[in-house]
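The values are calculated or read from the model by the stated rules, or taken from the named source; none is laboratory data. Keep in mind the model is a prediction, meaning the values are calculated, not measured. So basically every Cβ, Gly included, is an ideal-geometry build from the backbone, and we count neighbours across all protein chains shown.
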Amino acid sequence: MVALWWLNALRMKSKVVAILETRTGAHLAELVARRGGVPMLAPALEEVPDVDPQAVLSMLERWRIEPFKICIFQTGVGTRALFSATDSANLTPQLKEFLAASMIVVRGPKPVGELNARDIRIDIRAASPFTTDTVLTALAGIAVRDCSVLVQRFGATNQALTAALEARGATVHEIATYRWALPADTQPLVELLDALRQGRVDAVVFTSAVQMHNLYAVAQRGGNAAHLAGHLNRSVVASIGPVCSRALRDYGVTPTLEADPPKLGPLLSALELALSAA
């Protein structure tokens with residue numbers, strides 16, 4: 001046990017690892033520290049509840065008149081926010097009744113947990129890596145023409161999902177449950193940008209596409225956006241999965257590694273190997 005711990009410590013010893021994750025950032029930082037790394041926490045994302053009670057009421061009224069054949073839940077936090085809103089309005093029994101008559105589709109494991117907690121039947125689960133493409137693949141054999149589809153929106157409109165379903169003849173209605181925003185305190189991001197400029201960061205861990213968007217936005221404020229990709233590409237860039245990697249490439253950043261499957265465990269293991277070879 002001692003020898004194994006020492007080997008793990010050696011793999012990240014003295015390596016500075018920037019972590020942009022918010023909710024599980026402290027946990028990820030602890031895992032990096034256990035392996036001898038030096039975590040630099042710079043939360044790049046805040047999930048702001050954004051459920052309009054009137055929009056929920058309008059959705060339920062529409063549902064009664066024109067039932068949604070398919071309901072797609074994309075995130076755990078959004079699913080929880082929707083049920084919290086119906087709880088506050090004493091409308092959860094009505095929502096559950098409507099859901100029981102619909103086909104329930106989930107994008108990943110987090111909404112599964114939230115729906116299970118509410119005793120909601122799940123009909124279709126998208127395959128790993130839990131992307132829009134895998135949701136569409138899961139729905140490929142389902143007739144959607146002239147059907148109404150409800151989509152639980154995550155931090156932004158999923159334009160690709162909506163466009164693909166509408167191209168097949170569906171009518172798509174999104175219900176907003178939360179939105180993505182910059183953290184109230186962006187100073188850690190400013191300090192990260194400065195450390196990247198000075199070459200003091202060995203690795204940067206991205207666990208969502210929006211983290212790159214927000215890091216770029218902060219760099220724009222400081223007039224350093226043009227150099228951000230170059231600074232990041234000097235470091236080991238760890239991506240949680242294909243959606244995140246696509247966003248990084250859109251900004252000119254080349255991921256050094258991508259977790260497979262897209263979870264923190266495989267991400268951390270791949271990061272260990274990359275840093276031990278660096």
Could we say that Leu41 is aliphatic (A, V, I, L, M) and assigned by TED's automatic domain parsing to the domain that holds Val218 here?
-> yes
(1) modelled with pLDDT under 95; (2) on the phi > 0 side of the Ramachandran plot: which one isn't true of Ala126, the others all being true?
-> (2)
Please find, among Val210, Val201, Val205, the residue that is modelled with pLDDT under 95, outside the structural domain of Ala81 (by TED's automatic domain parsing) and aliphatic (A, V, I, L, M).
-> Val210
Test for Pro53: is it in contact (Cβ under 8 Å) with a residue 40 or more places away in the chain, surrounded by fewer than 14 Cβ atoms within 10 Å (Cβ to Cβ) and either out of contact with any Gly (no Cβ under 7 Å at 6 or more places or on another chain) or of a type in the set (Ser, Thr, Tyr) (or both) = no
For Leu267, are the conditions met, namely being buried (at least 22 other Cβ atoms within 10 Å of the Cβ) and under 21 Å from Met12 (Cα atoms)?
-> yes
Flag if Leu91 is in the same structural domain as Ala203 (by TED's automatic domain parsing), out of contact with any strand residue (DSSP E or B) (no Cβ under 6 Å at 6 or more places or on another chain), farther than 30 Å from Ala140 by Cβ and not β-branched (Val, Ile, Thr) | no
Condition test on Arg249, is it out of contact with any helix residue (DSSP H, G or I) (no Cβ under 8 Å at 6 or more places or on another chain), among the charged types (D, E, K, R) and not in a helix (DSSP H, G or I)?
-> no
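For every residue, the table says whether it meets (1) modelled with pLDDT of 95 or more; (2) over 20 Å from Ser269 (Cβ atoms); (3) outside any strand (DSSP E or B); (4) of a type in the set (A, V, I, L, M, F, W, C).
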residue	(1), (2), (3), (4)
Ser14	no, no, yes, no
Ala18	yes, no, no, yes
Thr22	no, yes, yes, no
His27	no, no, yes, no
Glu30	no, no, yes, no
Gly36	no, no, yes, no
Pro39	yes, no, no, no
Val51	no, yes, yes, yes
Of the numbered conditions (1) surrounded by 18 or more Cβ atoms within 10 Å (Cβ to Cβ); (2) part of a helix (DSSP H, G or I); (3) at pLDDT 95 or above; (4) not small (Gly, Ala, Ser), Val237 satisfies every one except a single condition; which is it?
-> (2)
Regarding Ala44, is this residue in contact with a Phe, Trp or Tyr (Cβ under 9 Å, 6 or more places away or on another chain), part of a loop (DSSP other than H, G, I, E, B) and hydrophobic (A, V, I, L, M, F, W, C)?
-> yes
